[in-house]
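Data block below; observations after.
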Amino acid sequence: MPLDALVIYEDDARSITERLDAFLASSRATFAILIDRSGQVIAERGYAQRRAAEELAALAAAAFAATEHVARLIGENAFSVLFHQGEQQNLHLSIVGENALLLAAFDDRTTLGLVRLYAAEAAENLATVVEGARGRSTEGLLPDSPEGDIFRRQSPDQGAATGDTGTRET
Amino acid sequence: MASINYARREITCKVVYYGCAMCGKTTNLEYIHEHIPASEKGGLVSLSTQGDRTLFFDFLPLEAHDIGGFTVKFQLYTVPGQVVYNATRRLVLRGVDGLVFVADSQWSRVRENIESFANLLENLGQYGYDIDTLPYVLQYNKRDLPDTAPTHYLDFTVNRRQRRVPSYESVAPQGAGVFDALNGICRLVLAKLRTA
C-alpha cells in the first residue's frame with residue numbers, strides 16, 4: 001500500500017487561492033485556512049504567520065475530529081459546522097468534501113450568518129479541487145531520500161556528552 | 001496524508017510517536033524542540049493535564065530546507081499513552097505517514113509495550129492502514145535504567161513481523177538516540193513517498 005498523497009500543482013494552488021480570496025471578499029472574514037483532515041495546511045489566505053497557521057490547523061482538525069466522535073456518541077453522523085465565539089475574534093470551521101476543512105476567523109465587521117452562507121458556497125467549490133488532487137501518483141517526481149541526517153542537534157558538544165554512541169540501528 | 005505542493009515546492013508529512021503510558025513520547029518531542037535550530041521548528045503545542053500527562057496530543061512542526069529543491073515539513077505528534085484515551089489515540093492517527101513506536105525498556109513494562117503495539121495495529125486497522133506497508137521505526141527508550149530488558153528480547157516482543165524495522169536505543173531526557181530515531185523515520189517516509 002503506497003502512502004496516500006495530496007498532490008497540488010500550480011493550477012490547483014491558483015484555483016484554491018482564487019476561491020479563498022473570493023470567500024474572504026464576500027464573507028468579510030479576517031482569514032481563511034484550508035486544512036487537510038490529518039491536520040496539515042493546504043492553503044491559507046489573509047494571515048501572514050505561516051507557523052501559527054500550522055498550529056491552528058493541527059488543533060482545529062483535532063477539535064473537529066473530537067466533536068465528530070462526540071456526534072456519533074449521541075447518534076449523529078457528524079456535526080458539519082463548528083463555531084467558537086470569542087470577545088474579539090470568532091472561528092467558524094466547516095467540512096470541505098470528505099477530507100478537508102475550511103477554518104475562517106472573523107470579527108464584528110461581519111456576522112456569523114454571512115460567514116456561514118459563504119463558507120458553504122466556498123466549501124462546495126474547494127471540494128472539487130481538493131478531491132481532484134488526492135491520490136495522484138508522485139513516482140519519480142520527488143527528491144531522493146537523503147542518506148545523511150535530515151535534522152541535526154544544535155549543539156554537537158552536548159551530543160557527545162550525552163552519549164549518542166550508545167545508539168544502534170539494526 | 002502527505003501533501004506535495006509544487007507551487008510552494010513543499011512536502012508535508014505526519015509522523016506520530018506511539019507507545020504505552022510514560023514511555024517517553026512527550027520527552028522525545030521536548031528534547032527535539034530544545035535542540036533543533038529555530039529556523040527548523042515551530043512552537044511545541046502540548047495538550048496535557050495539570051499533572052503533565054498527555055490528554056490529547058503534543059504537536060511539533062519541523063521543516064528541513066532544500067531537500068532536492070523542496071522544503072520538507074514533518075509534523076510530529078504524540079498520542080496519550082493511558083489506556084483510557086484510546087478514542088483520542090485513534091483520532092491522532094488519521095492521515096499518519098510514519099510512526100515511531102516508543103517502547104519502555106524496563107522488564108516491568110514489557111506487557112504494556114506489547115499491549116500498546118497491539119492497540120496500534122487495531123487503531124490503524126480502523127482507518128484501513130496496514131502496519132506492514134507503513135513506514136515505522138522502534139525506539140527502545142530508558143536504556144539508562146537498571147532493570148532493562150536486552151534489546152534482542154525487545155525485538156522479540158515488538159519487532160517480530162516479517163518486515164524487521166530499524167530500532168534505536170535511547171535515553172530521551174538526555175537526547176541519546178532521539179535524533180537517530182527522528183532521522184530514521186523521516187528518511188523512511190520520504191523514501192516511501194517517492195514510490196507512491
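Laboratory data are not the source of any read-out in this text; all were calculated from the coordinates shown. Owing to the predicted nature of the structure, the values given are computational and were not obtained by experimental measurement. Neighbour counts run over all protein chains shown; Cβ positions are idealised from the backbone, glycine included.
Note on the stretch B:3-194: with charges restricted to the Cβ of Lys and Arg (+1) and Asp and Glu (-1), its dipole about the Cα centre is near 520 debye.
Relative contact order, whole percent, for the stretch A:10-133 stands at 28, derived from Cα pairs under 8 Å and 6 or more residues apart. Taking the centroid of alpha carbons for each part, the stretch B:1-74 and the stretch A:43-108 are 20 Å apart. Against chain A, whose longest principal axis is taken from its Cα atoms, helix A:50-73 shows a tilt of about 70°.
Considering only B:18, B:153, B:140, the mean-square fluctuation computed in a Gaussian network model of chain B, springs between alpha carbons under 10 angstrom, is largest for B:153. So what's the net charge close to residue A:38: Lys and Arg +1, Asp and Glu -1, counting the other residues with Cβ under 9 Å from its Cβ? Summing Lys/Arg as +1 and Asp/Glu as -1 gives +1.
Among all helices in chain B defined by DSSP H, which have a length of 20 Å or more along the axis from Cα atoms plus a Kyte-Doolittle mean of at least -1.0? Intermediate values should be presented prior to the final figure.
On the way: long enough: B:110-126 (25 Å, -0.32); B:178-194 (25 Å, 0.98).
Once both thresholds are applied, what remains is B:110-126, B:178-194.
Ordering B:10, A:18 by the number of other Cβ atoms within 10 Å of each residue's own Cβ, fewest first, gives A:18, B:10.
For the protein assembly as shown, the spread of Cα positions along the three principal axes, ordered from largest to smallest, is 63, 46, 38 Å. Three principal axis extents of chain A based on alpha-carbon atoms, in descending order, are 60, 39, 38 Å.
Sorting the segments A:40-47, A:139-146, A:89-96 by their residues' average number of neighbouring beta-carbon atoms within 10 angstrom, most packed first, yields A:40-47, A:89-96, A:139-146.
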